[in-house]
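Asker: Sharing a structure below in structure tokens format, with a few things to ask.
The values are calculated or read from the model by the stated rules, or taken from the named source; none is laboratory data. In this text, all values refer to a predicted model and were calculated from it rather than measured experimentally. When we count neighbours, we look across all protein chains shown, and the Cβ atoms used for this are built from the backbone with ideal geometry, even at glycine. Heavy atoms of the whole protein, side chains included, go into the accessibility calculation; ligands, DNA and RNA do not. Shrake-Rupley method; radii C 1.70, N 1.55, O 1.52, S 1.80 Å.
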Amino acid sequence: MATSPPPKRRRKNAGAKVTPSLPLLPPVVVFAHGAGAPSWKELLKNAVGAVEVVTFDYPYLCGGKKRAPPKAEKLVEFHKGIVKETSEKYPRQVSCMVSAEEDIAASAILCLGYPLKGSKGAIRDETLVQLKVPIMFVQGSKDGMCPLEKLQAVRKKIKCETELYVVDGGDHSLKVGKKHLQANGLTQEESEMNALEAVGSFISSCLKP
């Protein structure tokens, strides 16, 4: 396992009067899981102390029929709707998400196996470089859809804080081969728990007042 050290944060408005904040509440996580990640729901909930982890499937994946995905804009609108419903259910969970008119603001973003490399080899970083909240990437060292050297180059272009946790021997779904696990004296569950421990630390640091 390897982690890159998180960049130091700069203190802003040093000496300025600080207004007392509301008591810190447990976070709410909206988890847009991929094919291999549904089992992470409870693990994430325990790792970050979440009051709830909300999961969902996009409409084109439901109904048992394989359909081509719609344009990204439609998926984004559906995703935003889920976040808005969740923020209305937990109106004081502002430390995790805030709904302001049509926009959604989150306190942090967690990417589990980010598909940085497109099917034709293009690097898909347009969205990442526009983000303004802390991002954590959890990536397998053998994930062909996100070569680590490419991700490191993208991280240098991102203006907000980023953190990377590498699952040694992990693929795109963060699964580690049996031989690699045996060679390192680990189980798949232990590998996942190590990653979740790092995730928990990251989320906690983002939610500090």
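Asker: Within the range 116-133, can you find the residues that are closer than 11 Å to LYS150 by Cβ and touching a residue at least 12 places away in the same chain (Cβ under 8 Å)?
Answerer: Listed by number, the residues that qualify are LEU116, LYS117, ILE123, ASP125.
Asker: To continue, here is another question. For the range 158-209, what are the residues that are assigned to a helix (DSSP H, G or I) and touching a Pro at 6+ places or on another chain (Cβ under 8 Å)? First the steps, then the outcome.
Answerer: As a first pass, look at the range 158-209 and keep what is assigned to a helix (DSSP H, G or I): 178-183, 188-207.
Within the range 158-209, PHE202, ILE203, SER205, CYS206, LEU207 meet the criteria.
Asker: I've got another one for you. Does the range 175-191 contain any residue that is of a type in the set (A, V, I, L, M), modelled with pLDDT under 95 and surrounded by 14 or more Cβ atoms within 10 Å (Cβ to Cβ)?
Answerer: Initially, the range 175-191 is screened for residues of a type in the set (A, V, I, L, M), giving 176, 181, 183, 186.
Those still in the list that are modelled with pLDDT under 95 too: none.
No, the range 175-191 contains no residue that is of a type in the set (A, V, I, L, M), modelled with pLDDT under 95 and surrounded by 14 or more Cβ atoms within 10 Å (Cβ to Cβ).
Residue-by-condition table, conditions (1) open to solvent by less than 100 Å² (accessible area, probe 1.4 Å); (2) of a type in the set (Val, Ile, Thr); (3) modelled with pLDDT under 75:
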{"site": "LYS12", "(1), (2), (3)": "no, no, yes"}
{"site": "ALA16", "(1), (2), (3)": "yes, no, yes"}
{"site": "PRO26", "(1), (2), (3)": "yes, no, no"}
{"site": "VAL48", "(1), (2), (3)": "yes, yes, no"}
{"site": "PHE56", "(1), (2), (3)": "yes, no, no"}
{"site": "LYS65", "(1), (2), (3)": "no, no, yes"}
{"site": "ALA68", "(1), (2), (3)": "yes, no, no"}
{"site": "LYS74", "(1), (2), (3)": "no, no, no"}
